[in-house]
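Colleague: Shown below is the structure under consideration.
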Ligand code: SF4
């Protein structure tokens, strides 16, 4: 029997309408990340959404849902051919909080980075997974990826220094077996470059990473490293450091029992419930006849992508935790999870 969730549950887990929308512009990408979940996308999903459909979608969420916060996803959204036109339209509709999740590819070009900032993108979430160029290129499946990502950081930093003070640069890294040993060096390196917002998301073992024990780490391997980062951050770095997609019961209990630590480091506490729109899907229960899907990300994860294990049955956090990636359980089983009583 499930229990009443604790009163300080993460805001993104609370059921109800979403506050922002992420629009997937198409799955086309110039990288081949080893943990890409879109590696099996079909031709239709790889096509860019037309500008007309994008406008329709922006209008729907602005007018029907009152949303003003927008995220642009791909594939690689900086390659989207009508990005500038889409941003102009979003601005006209009143979207005032625009984020791009990117591998940084075109942001290394000054004209492109300036255009993106002038047309309203305020938050840049860069997918960077290692401070070591060889590891980064390996994980991105693209030689030269590290160098291009550094160019993107340099341009964004220059734009920020030139007066765009509200522009924020954050790093979204996928936590995996290759970057785990040097996470402290990773944070130090990027802090030195002026980045003060780093998020580590636990790898989702799907797409190219499915079944790859050389890439997918276990929670037991990852948690001691993350707890080391928490200690170092408290003492030295003092940046916004957070972790995502980690079941609460694998956090060390002396960490998890302290509410301010939960609020500071567990990413779901600051994430907002998010609508997602994707295109080019196979028509079916989740898609309309044009292959268009709309869903709330947190609900899809809980209902389709994650599973509960026997320890979850009477766990006090079950209603908000969402469980464990199903594919992870297929790889490593359920021995690491324990019932939380408070
Ligand atoms: S026991 Fe289950 S519901 Fe509870 S924290 Fe662990 S994974 Fe989440």
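What follows is calculated from the coordinates using simple rules that are stated; it is not laboratory data. Since we're looking at a predicted model, the values are computed, not measured. Glycine also receives a Cβ, built like all others from the backbone with ideal geometry; neighbour counts cover every protein chain displayed.
Colleague: Based on the Cα gyration tensor of region 116-162, what are the three equivalent ellipsoid semi-axes, each the root of five times an eigenvalue, rounded to whole Å and given largest first?
Modeller: Semi-axes (√(5λ), whole Å): 24, 10, 8.
Colleague: Once the Cβ-Cβ distance between residue 253 and residue 37 is put in as r, and R0 is 25 Å, what FRET efficiency do you end up with, to the nearest 0.05?
Modeller: 0.20
Colleague: Another one. Could you compute Rg(Cα) / (2.2 N^0.38 Å) for region 16-156, with N its residue count?
Modeller: The value comes to 1.06.
Colleague: Here's another thing I want to ask about it. For residue 264 and residue 150 in the same chain, what is the full-extension length gain: residue separation times 0.36 nm, less their Cα-Cα distance, in nm?
Modeller: Working it through step by step, the gained length comes to 38.3 nm.
Colleague: Further question on the same structure: How large is log10 I(q)/I(0) at q = 0.08 Å⁻¹ when the Debye formula is applied to the Cα atoms of region 18-305, each weighted equally and without solvent?
Modeller: For region 18-305, the Cα-only Debye profile gives -0.33.
Colleague: Mind listing the Cα extents of region 26-68 along all three principal axes, in Å, largest one first?
Modeller: Principal extents (Cα only, largest first): 38, 19, 15 Å.
Colleague: To continue, here is another question. What number, in percent, do you get for the relative contact order of region 172-225 if the mean sequence gap of Cα pairs under 8 Å and at least 6 apart is divided by its residue count?
Modeller: 51 percent.
Colleague: Per-residue counts of other Cβ atoms within 10 Å, averaged by peptide: what ranking do you get for 298-304, 98-104, highest first?
Modeller: Output ranking for 298-304, 98-104: 98-104, 298-304.
Colleague: PRE reach from residue 197 (point 7 Å along Cα→Cβ): which of region 265-282 fall under 20 Å by backbone N?
Modeller: From region 265-282, the list is 265-276.
Colleague: Using a Förster distance of 25 Å, how high is the FRET efficiency between residue 63 and residue 97, based on the Cβ-Cβ distance and rounded to 0.05?
Modeller: It comes to 0.90.
Colleague: Sticking with this one: Treat region 154-277 as a sphere of radius equal to its Kirkwood radius over Cα pairs and apply Stokes-Einstein at 25 °C in a medium of 0.890 mPa s; give the translational diffusion coefficient in µm²/s, rounded to a whole number.
Modeller: Answer, rounded: 155 µm²/s.
Colleague: Next up: In percent, what relative contact order does the chain have, based on Cα pairs under 8 Å that are 6 or more apart in sequence?
Modeller: 23
Colleague: Please give the length that would be gained between residue 290 and residue 53 if that part of the chain were fully extended, namely 0.36 nm times their separation in residues minus their C-alpha to C-alpha distance (nm, one decimal).
Modeller: That works out to 84.2 nm of additional length.
Colleague: Still on this structure: Whole number please: convex hull volume per residue, Cα atoms of region 253-342, in Å³.
Modeller: Hull volume over Cα atoms, normalised by residue count, gives 125 Å³.
Colleague: Sorted from fewest to most neighbouring beta carbons within 10 Å, what does the list 200, 337 look like?
Modeller: Taking fewest neighbouring Cβ atoms as first place, the list is 337, 200.
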